[in-house]
Amino acid sequence: MLSLTCPCCGITAEETEFTPGGEAHLTRSGPGSSDSSYEAYMFQRKNPRGVHFERWRHAYGCGKWFIAARDTVTLEVFGTYPAQTTEPPAEIVTQIRARRPDWTPEPQGAA
Amino acid sequence: MSHRLASGGRLIDRRQPVNFSFNGRQMSGFAGDTLAAGLLGAGQTLLGRSFKYHRPRGVVASGAEEPNALLGLGQGDRFEPNQRATTTELFEGLAATSQNHWPRLEFDLLALNNLVPQFLTAGFYYKTFLWPRAFWKHVYEPVIRRSAGLGEAPGPRTRDPDRYEQIYAFADVMVIGGGIAGLQAALAAAESGARVALWEQSAHWGGRAPVDGIEIDGTPAEDWITATLARLAAMENVQLRLRTMGAGVHDHGYVLGYERVSDHAPGDDAPRHRLWRMRAGRIITATGAIERPLSFAGNDVPGVMLASAMRDYLVNYAVAPGQEVVIVTNNDDAYRTALALRRAGIGVAAVVDARADPAGPLPQAARAAGIRILAGSGIRKVKGGRHVKGVEVCAIDSRGVAHTAQLDCDAVGMSGGWSPVVHLWSHCGGKLIWDEGGHFFRPDPARPPLGQDGAGFVLACGSANGDLGPVLGDAQATGCRAAQAMGADGAASDAGRDTPAEMAEMEPVWIMPRAAEYDLRAKMWLDFQNDVKVSDIQLAAREGFHSVEHAKRYTTLGMATDQGKLSNINGLAILSDALGQPIPATGTTTFRPPYTPISLAAIAGEARGPLFQPLRRTPMQDWHDAHGADWEPVGQWRRPFAYLRKGEGRTAAVNREVRNVRTGVGMLDASTLGKILVSGPDAARFMDMLYTGMMSSLKPGRCRYGLMCNENGFLMDDGVVARLDEGRFLVHTTSGGADHIHGWMEDWLQCEWWDWQVHTVNMTEQFAQVAVAGPKARHLLERLGGMDLSREAMPFMSFAEGALGGFDARVFRISFSGELGFEIAVPASQGRALWARLMAEGADLDVMPYGTEALHILRAEKGFIMIGDETDGTVIPQDLGLNWAISKKKTDFLGKRGMERVAMQDPDRWTLVGLETLHGTVLPHGALALAPGHNANGQRQTQGRVTSSYYSANLGCGIAMGLVANGPDRMGEVLDFAGPKDRIIQARIVDPVRIDKDGERQNV
Amino acid sequence: MSDTWASALPQAQFDGLIRIREAGLCGMITLRGDPAALAGPLRAQTGLDMPAQRRIVSAGALQLAWMSPDELLLCLPHAEAPTMVAALQTALAGQFATVANVSDARAVFDLSGPRVRDVLAKLCPVDFATLQPGDIRRSRAAQVAAAILSLEDDQFRIICFRSVAGYMFDLLAGAAAPGSDPALYP
């Protein structure tokens, strides 16, 4: 069971206080968008071995959504940050690069 | 025969005799005994029968690894099967029963299995019971069920009367195992300044060191243990806990611990078990090592034990395994047992040592004590059935055709070397390496399990790390390292200096004798509990089960409740030998939690009985309960399905309530409806995104019905929105949907439109809400006074706030029944009083409460949809004829893009209609409308289904709603519906609105 | 109309490892908005300063608790809540701020005694060694959301939704059963 630190209230808590929200940094595809971009928005999810960005809500705590940068294999958590951003903040990218030199950030939200 | 010695026993108190019973026979032991010690002390060596062959079995071990001595404990509601006698502390009145025999322990008819050695070999079940097929149910299964299995399950009517609980705890450094290594590691970590927890699974600190006669700092280990414990106990940053087993190590330093709080002292107030949910920064496993059996013919006969277990019983409990003992070994450690037995005055017939020249300090001491050593030898076979009568000795490298010596004895102590307890290291992905010198797997420090910081979070020390010599220096270093990793780098005092006797090298012996004939191999037990023998593993290897995981499952090796603690390495060695490869190439099976079985009740914790899950109660719940409520669960709420009057059945009550709303006045507890405040400058814009309809045009003081869809366009929730003022909306959701919709709103506001100025507050529980519906509704409410509820002042779909009869009310003029209806929201604290007042004021109007079933029928009579009935997560509003509630002006709302998909535009989508059977009967809920032809699977084609179906007391017939392909264009058509037992029920497509099509009744 | 009002579990009490009392009717106001914008009007109406992250500030019968970066909880006598809501709404008019009376949405239990942390530790995944008097920790108690307020050394207050008051009380009473002291906290 994971242990995560909510960047909004500063609490480190066990997974049971949080609810997961899947892949982060998606771009909404609304009316008028192409079928392929809508399909990508709704149904196509990354499932990487390694660095991944995922949404969590501190549901039993402060109620805020945040994003965790995590390794899906080792479960190492590189950092968490508030959800009000369209891409990982620079300091998180630096954190990840320090631990995973081979990793390069993908353009986020691209379908 | 095993017996109690006249003196000694470091853990027992001879002044306190303890009476207990075994199979109804009264026995006596001492305070401090385990049940196994008590039984052996009372001379009881035969304790049960094995799983498949029903062979007689006795105690093999002295701890958690025990495979044989599994007993039924307690009686009645407290009966529990498969309890290990070796880890059960004796208490006054303990009642134990043996298992797996029929009819008696001493005379077991099913032991006949044993006479046909080819019977029940590896894969027996897979090979034998293939045909004829019909035999399975009536012949094979009942026979197998009778003969296999260990303890019996408690009776179906028994209810565990004990209490169980869980607890959350935190530590920087968690040390598991309270032997000298664990104590030293904990002390070092604590002195460094870390917050430390130390668990020991047994009732005593110190582990094996006192039994093995280890000296620390020149004095007996016992002294150092006492002193170290005192130091630990005096530190505020240390939590010490006995009888607590580290059950599992999980992600991010999560450890489960199983505390047996009062198993040893039943009857007081304490909970029986406590499950510890520990979160630790670093975990030190100081879990020790387990001695391995040797594989010789008859190694399962009662009286054959691990040499270390013999020593434990002797030193700790003053229990001797017999009068004359043979020790068989491949290492020096077993000589400790020989010497201890000799010191206690027990006969040692010989030490049979596989090694050609045992010359270490311990064998020398044995020789000096006059103990006979048969070097280069092994046991050919054990003589005796229900207990050991002697052994035949042969040359270790022979085929074992003939014996070289015969020894009379009544007990055999065996030692095949030691295996570190690596379970906890391995649970979360720690890897193992094969130790060439010790011939065991031990933790590979280069490949530990990784934590959230990317570093290894489990450290092993002591014999759990494969250190079978001195351990304290390394344990101290490990404790400091763990503390430092957590930022605690204070100075720790020097480690104790433990000086165990030096050990000469052991010599692996996996089969004894090494070239044993089949007859012998077929009597060499690997897994005692599951009756897996050397010959079974060899057969599995020949049949192609080369993967260790496959061989395990094929033979059931290691699948018993002891999970292979004794059999694992020996089995791997046999398999590797059969495959002609080194042991590391075979690898091990996966270690999974829990380390030893834990009670299901501890896993459930407080979540049982009334606390199994939260029961949400409205402020009026007690009133409903006192007035015949027949409850139905709605999420975690419980709502009255109907209110049964004395002698009244459910159907009659529902019909009465339904009629009453259409003719008089009824009251519904609507407090469970979700109520969410949406406020802020961008609230209207946000509401337009949430709902399919236009909400920004709603005037303050007015209400509007709305639909919410997910991004697929599928209908998710519905309800009435009230605009409180320009910047504030009150959203009503379904009873089950409140939390979800609130979360949905926050998700969009926090993660997508975070620049919009909108707040949400979930007000669901702030208000008690009462729906008052029926032609006399206004009449009733006007009696309370204080607000003008006239048609003019308060038209349909409006609301007003005021003091209604002195209550702080917000009155909504809305209707879900089609009748004149009001919903009155008051602060929840006033809800009970409001309800009672309305009931009292309406007594002469025959006001009645109505339940959820009446609510459903009333709305179905009006053709109103219900989320969860008409919707199932694949229905768009257009399917329900709700196009009027979808704004065409808005460029965007949640779900709009989803509805634009081709499949959603298909004119043949199943669409909402009313359904009426030709004979007025009630259609089965969910029944499918049949279409001509069959699909690719040979099933009938379908063209629709029933979504809601009830008996309408107002119409005197069944009414139903359903989704039918192109339904609204097929009014009057008769469809075939599939009823139970292939019965066809015909129903006609009709308008779903069955009462007051023009909506005049609600508009008075 | 004293019998008009009823708290969630009137007079519920239990004495075991700790003392458990239902606190009766408590006034509670949810405030949402930018703390900087809320601070002035709040100080003017209540005399209270803004609490730091996860802290509670008190003055007399008033307590102001930090709930999230844009949410505060003002606790006050139940009868004063409607007036205070109106006053705050007026004071905050024109600002992006939300004031809501949630006094009746909650149940409140007062817990006291030296073993209070041990009892709560059985229900909440919280490290009570890190919780100081004046701290608030939002978490869960078994299966329901709970706000845990550390008031004084051996005094805690737990707030949950009103509908689960019975569940919460039974949980607490079970965890405080005599003879079940886990002796985890000093």
Open item on the list: Among the numbered criteria (1) in contact with a strand residue (DSSP E or B) (Cβ under 6 Å, 6 or more places away or on another chain); (2) among the charged types (D, E, K, R); (3) closer than 26 Å to B:Gln184 by Cβ; (4) more than 14 Å from chain A (Cβ to nearest Cβ), which one does B:Arg342 miss?
Closed with: (3)
Open item on the list: So B:Ala446 ticks every box in (1) outside any strand (DSSP E or B); (2) surrounded by 22 or more Cβ atoms within 10 Å (Cβ to Cβ); (3) of a type in the set (A, V, I, L, M, F, W, C) but one. Which box is left unticked?
Closed with: (2)
- [ ] Name every residue in the range B:632-673 that is in a strand (DSSP E or B) and among the charged types (D, E, K, R), in order of residue number.
- [x] B:Glu632, B:Arg638, B:Arg639, B:Asp669
- [ ] Output yes when any residue across the range B:189-198 is farther than 28 Å from C:Asp127 by Cβ, part of a loop (DSSP other than H, G, I, E, B) and either in contact with a strand residue (DSSP E or B) (Cβ under 7 Å, 6 or more places away or on another chain) or at pLDDT below 95 (or both), and no when none is.
- [x] no
Open item on the list: Taking the conditions exactly as written (polar (S, T, N, Q), within 12 Å of another protein chain (Cβ to nearest Cβ) and either more than 30 Å from B:Asp519 (Cα to Cα) or under 20 Å from the mean Cα position of the chain (by Cα) (or both)), does B:Thr244 satisfy them or not?
Closed with: yes
Task: Index of the failed condition, B:Val255 passing every other in (1) free of Cβ contacts under 8 Å to residues at least 40 places away in the same chain; (2) under 22 Å from the mean Cα position of the chain (by Cα) - done: (1)
TODO: Determine whether B:Pro470 is under 26 Å from B:Gln364 (Cα atoms) and surrounded by 16 or more Cβ atoms within 10 Å (Cβ to Cβ).
DONE: yes
Open item on the list: Going residue by residue through the range C:111-119, is there one that turns out to be in a strand (DSSP E or B), of a type outside the set (Asp, Glu) and buried (at least 24 other Cβ atoms within 10 Å of the Cβ)?
Closed with: yes
TODO: Identify all residues within the range A:6-36 that are within 30 Å of B:Gly253 (Cβ to Cβ), surrounded by fewer than 17 Cβ atoms within 10 Å (Cβ to Cβ) and at the interface with chain B (Cβ under 10 Å from one of its Cβ atoms); write none if there are none.
DONE: A:Thr12, A:Glu15, A:Thr16, A:Thr19
Task: Residue satisfying all of: in the range B:578-609; hydrophobic (A, V, I, L, M, F, W, C) and either within 14 Å of chain C (Cβ to nearest Cβ) or within 25 Å of the chain's Cα centre (by Cα) (or both); farthest from B:Arg78 (Cα to Cα) among these - done: B:Phe591
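Okay, residues lined up against (1) of a type in the set (Val, Ile, Thr); (2) within 14 Å of another protein chain (Cβ to nearest Cβ):
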position: B:Pro449; (1), (2): no, yes
position: B:Asp453; (1), (2): no, yes
position: B:Cys461; (1), (2): no, no
position: B:Ala464; (1), (2): no, no
position: B:Asp474; (1), (2): no, no
position: B:Thr478; (1), (2): yes, no
position: B:Ala483; (1), (2): no, no
position: B:Ala491; (1), (2): no, no
Open item on the list: Considering only the range B:915-924, I want to know if a residue exists there that is under 26 Å from B:Gly956 (Cα atoms), buried (at least 20 other Cβ atoms within 10 Å of the Cβ), in contact (Cβ under 8 Å) with a residue 60 or more places away in the chain and of a type in the set (D, E, K, R).
Closed with: yes
TODO: May I ask you to say which residue of B:Met687, B:Met695 is in a loop (DSSP other than H, G, I, E, B) and under 24 Å from C:Ala97 (Cα atoms)?
DONE: B:Met695
TODO: Please specify each residue of the range A:37-57 satisfying the condition of being β-branched (Val, Ile, Thr) and either in a loop (DSSP other than H, G, I, E, B) or within 14 Å of chain C (Cβ to nearest Cβ) (or both).
DONE: none
TODO: Collect the residues in the range B:235-272 that are small (Gly, Ala, Ser) and either buried (at least 22 other Cβ atoms within 10 Å of the Cβ) or not in a strand (DSSP E or B) (or both), keeping them in residue-number order.
DONE: B:Gly246, B:Ala247, B:Gly253, B:Gly257, B:Ser262, B:Ala265, B:Gly267, B:Ala270
Task: Hits in the range A:58-83 - residues which are outside any loop (DSSP other than H, G, I, E, B), more than 7 Å from every other protein chain (Cβ to nearest Cβ) and not aromatic (Phe, Trp, Tyr) - done: A:Ile67, A:Ala68, A:Ala69, A:Arg70, A:Asp71, A:Gly79, A:Thr80, A:Pro82
- [ ] Quick one: B:Arg617 ticks every box in (1) away from every other protein chain (no Cβ under 11 Å); (2) within 19 Å of B:Ser735 (Cβ to Cβ); (3) without any contact (Cβ under 8 Å) to a residue 24 or more places away in the chain except a single one, so which number is it?
- [x] (1)
TODO: Quick one: which helices (runs of 4 or more DSSP H) lie wholly within the range B:325-443 and hold at least 1 residues that are in contact with a His (Cβ under 8 Å, 6 or more places away or on another chain)?
DONE: B:423-427
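Free of Cβ contacts under 8 Å to residues at least 24 places away in the same chain and in a loop (DSSP other than H, G, I, E, B), is that true of B:Asn954?
Here the answer is no, as B:Asn954 does not meet what is asked.
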Task: Residue among B:Met794, B:Met763 that alone is without any contact (Cβ under 8 Å) to a residue 60 or more places away in the chain and buried (at least 16 other Cβ atoms within 10 Å of the Cβ) - done: B:Met794
Task: Residues of the range B:204-220 satisfying the condition of being in contact with a helix residue (DSSP H, G or I) (Cβ under 9 Å, 6 or more places away or on another chain) and not in a helix (DSSP H, G or I) - done: B:His204, B:Trp205, B:Gly206, B:Gly207, B:Arg208, B:Gly213, B:Ile214, B:Glu215, B:Ile216, B:Asp217, B:Pro220
Task: Conditions (1) closer than 26 Å to C:Leu17 by Cβ; (2) more than 14 Å from chain A (Cβ to nearest Cβ); (3) more than 15 Å from the chain's Cα centre (by Cα); number of the one not met by C:Ala100 - done: (1)
Open item on the list: Take B:Val731 and tell me if it is on the phi < 0 side of the Ramachandran plot, surrounded by fewer than 21 Cβ atoms within 10 Å (Cβ to Cβ) and part of a strand (DSSP E or B).
Closed with: no
Task: So B:Glu819, is it in the same structural domain as B:Arg650 (by TED's automatic domain parsing), touching a residue at least 60 places away in the same chain (Cβ under 8 Å), part of a loop (DSSP other than H, G, I, E, B) and more than 15 Å from B:Thr618 (Cβ to Cβ) - done: yes
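Go through the range C:128-186 and give me each residue that's among the aliphatic types (A, V, I, L, M), in a loop (DSSP other than H, G, I, E, B) and over 17 Å from C:Asp110 (Cα atoms).
Our first condition is that a residue be among the aliphatic types (A, V, I, L, M); within the range C:128-186, this holds for C:129, C:131, C:136, C:141-142, C:144-149, C:151, C:158-159, C:164-165, C:168, C:171-173, C:175-177, C:183-184.
Filter once more, keeping what is in a loop (DSSP other than H, G, I, E, B): C:131, C:142, C:176-177, C:183-184.
C:Ala142, C:Ala183, C:Leu184 - these are the residues of the range C:128-186 that are among the aliphatic types (A, V, I, L, M), in a loop (DSSP other than H, G, I, E, B) and over 17 Å from C:Asp110 (Cα atoms).
Per-residue answers, yes or no, for (1) crowded, with 18+ Cβ neighbours inside 10 Å; (2) touching a residue at least 40 places away in the same chain (Cβ under 8 Å):
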| site | (1), (2) |
| --- | --- |
| C:Asp49 | no, no |
| C:Arg55 | no, yes |
| C:Ala61 | no, no |
| C:Trp66 | yes, yes |
| C:Asp70 | yes, no |
| C:Ala87 | no, yes |
| C:Thr90 | no, no |
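Is it true that some residue in the range B:915-935 is part of a strand (DSSP E or B) and within 29 Å of B:Leu820 (Cα to Cα)?
Scanning the range B:915-935 turns up at least one residue that is part of a strand (DSSP E or B) and within 29 Å of B:Leu820 (Cα to Cα).
The values are calculated or read from the model by the stated rules, or taken from the named source; none is laboratory data. None of the values given here were measured: they were computed from a predicted structure. Neighbour counts run over all protein chains shown; Cβ positions are idealised from the backbone, glycine included.
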